[in-house]
Amino acid sequence: MNQNKPVFFEKIGLPKHLSWGYLGVLIFMMGDGIEQGWLSPYLVGRGLSLEVSATLFTVYGITIAVSAWFSGVLAETFGPRKTMFCGLILYLMGTTGFVGFGIPEINYPVMLGMYALRGFGYPLFAYSFLVWITYSAPAKQLGRAVGWFWFVFTGGLNVLGAYYSSWAIIEFGHINTLWTSVFWALIGAFLALWLNKFHKIERKGADSKTKDLLKGVTIMRDEPKVLLGGIVRVINTTAQFAFPVFLPMYMAKYGFDTQQWLQIWGTIFTGNIVFNLIFGFVGDRVGWRNTVMWFGGVGCGISTLLFFYSPMVGEGNFWFVLIAGTLWGALLAGYVPLTALVPSLVKDDKGAAMSVLNLGAGLPVFVGPLLVGVFHRFIGDEGIIWLLAGLYFLSAFLTKFITLTNNAKKV
């Protein structure tokens, strides 16, 4: 029995010695994703304007982007375990201040500062574990190992977090539900930091660190295609972080309550994590660029509009909206091959190219709410949707120019 376990883990591409870490990231991200689908309408219901609520999420997103950018360098310099622990501490401090002192009295300055502090937490925790994976997973299964990371990351943040909170806010109330995120973060950290086996990674010198960090900036000047890839990566999930700011209120106009919205949101990303794996295979068959361009860019542009108009066309039919949203979530995974395409654009500085993609993964957390906060008062719900759809179509156009020099099939 025990002899078969390593074979099983090897077949599915999951490093056995990191298995507790994957489970820990899943649970930690579930705690972090508890409020994602309902916090904005809750705050608006407590007296904040939609624009002020969007500003809160924008500042939160800025700290996430900064933390995501530096997480790799910090993990290599101080080690993944220490960096993940720092992420846990910042997360707990920010959550305690935000839930304990900000939300009860809607003290906006405290909410703004503490939620921003909380934003530093999960990138240091989760992305540092990604560095841990890249250093310790066998080369022959690294791609699958990284794929499993995104599976647990998204599964915790967008799926389990949404489903759990749809139940918890009824049983515990909104504020107490937020407090439970502390419990889940501690459980996840215990699994990832104490039960997970530690493999020491080889660290570079300080001079090399400085050069690598600068290269993460200069590569966008030296390799314009990498810059294009970073822009496309930002567009990829901008709608994902814009939708929760205004769509719950829009859906409420058609009779969808908070629990129904959370169930829709959770189902969307249940489909998304499955198609994250599927589009990895599709990209290898039909080409990385083609997959991103047609399934990701064009597909998401069309399905974004369909999702928005589905409650209107379907006259508030829950299943019609659910199917339309799930289609958008599935096509969102069409951008997965971008992670293979962009590093392949350069011969030596693949780490710097990945830094650009990591930055692109962090920026949407504040770009999405920022677009809503700036433009919603002028163009409304419908205008925001067309803006987001237009960005997806723009990403398809930009991807056309992200070509490999050898003109290989994967172009």
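Would you check which residues across segment 358-390 are in contact with a Leu (Cβ under 9 Å, 6 or more places away or on another chain) and open to solvent by 10 Å² or more (accessible area, probe 1.4 Å) and list them?
Asn358, Leu371, Gly373, Phe375, His376, Arg377, Ile379, Asp381, Trp386, Leu387
Filtering segment 101-120 down to residues that are farther than 20 Å from Ile27 by Cα and not in a helix (DSSP H, G or I), which residue is least open to solvent (accessible area, probe 1.4 Å)?
Ranking the qualifying residues of segment 101-120, first place goes to Ile103.
So, in segment 14-68, of the ones that are among the charged types (D, E, K, R) and either without any contact (Cβ under 8 Å) to a residue 24 or more places away in the chain or touching a helix residue (DSSP H, G or I) at 6+ places or on another chain (Cβ under 7 Å) (or both), which residue ends up most open to solvent (accessible area, probe 1.4 Å)?
For segment 14-68, the residue satisfying everything is Lys16.
Which residues, counting only those in segment 36-49, are of a type outside the set (Val, Ile, Thr) and under 15 Å from Ile106 (Cβ atoms)?
Leu39, Ser40, Pro41, Tyr42, Leu43, Gly45, Arg46, Gly47, Leu48, Ser49
Taking segment 69-89 as the search range and keeping residues that are modelled with pLDDT of 85 or more and of a type outside the set (D, E, K, R), which one is most open to solvent (accessible area, probe 1.4 Å)?
Phe85
Inspect all residues belonging to segment 131-154 and state whether any of them is open to solvent by less than 10 Å² (accessible area, probe 1.4 Å), under 27 Å from Tyr42 (Cα atoms) and not hydrophobic (A, V, I, L, M, F, W, C).
Among the residues of segment 131-154, not one is open to solvent by less than 10 Å² (accessible area, probe 1.4 Å), under 27 Å from Tyr42 (Cα atoms) and not hydrophobic (A, V, I, L, M, F, W, C), which makes the answer no.
Scan segment 316-333 residue by residue and report those that are free of Cβ contacts under 8 Å to residues at least 60 places away in the same chain and either touching a Leu at 6+ places or on another chain (Cβ under 9 Å) or not polar (S, T, N, Q) (or both).
Correct list: Trp319, Phe320, Leu322, Ile323, Ala324, Leu327, Ala330, Leu331.
Can you tell me how many residues within segment 11-36 are assigned to a loop (DSSP other than H, G, I, E, B) and farther than 17 Å from Gly373 by Cα?
Qualifying residue count, segment 11-36: 6.
Would you tally the residues in segment 342-383 being assigned to a helix (DSSP H, G or I), β-branched (Val, Ile, Thr) and in contact with a helix residue (DSSP H, G or I) (Cβ under 6 Å, 6 or more places away or on another chain)?
Matching residues across segment 342-383 total 4.
Say we look at segment 346-390 and pick out the residues that are of a type in the set (Phe, Trp, Tyr) and at pLDDT 90 or above; which of these is farthest from Gly229 (Cα to Cα)?
It comes out as Phe378.
Within segment 107-152, how many residues turn out to be modelled with pLDDT under 80 and among the small types (Gly, Ala, Ser)?
Adding up the residues that qualify gives 6.
Checking Tyr127 against (1) more than 19 Å from Val356 (Cα to Cα); (2) open to solvent by less than 50 Å² (accessible area, probe 1.4 Å), which test does it fail?
(1)
List every residue pair whose Cβ atoms lie under 8 Å apart, where the two residues are 6 or more positions apart in sequence or sit on different chains, the first residue falls within segment 173-184 and is in contact (Cβ under 8 Å) with a residue 60 or more places away in the chain, and the second residue, located anywhere, is small (Gly, Ala, Ser).
Thr177/Ser165; Thr177/Ala168; Thr180/Gly31; Thr180/Ala168; Ser181/Gly31; Val182/Gly31; Phe183/Gly31; Trp184/Gly31
The values are calculated or read from the model by the stated rules, or taken from the named source; none is laboratory data. Note that the structure is predicted; figures quoted are calculated from it, not measured. Because the Cβ atoms are built from the backbone with ideal geometry, glycine has one as well, and the counts that use them run over all protein chains shown. Heads up: the accessible areas ignore ligands, DNA and RNA and are worked out on the full protein's heavy atoms, side chains in. Shrake-Rupley method; radii C 1.70, N 1.55, O 1.52, S 1.80 Å.
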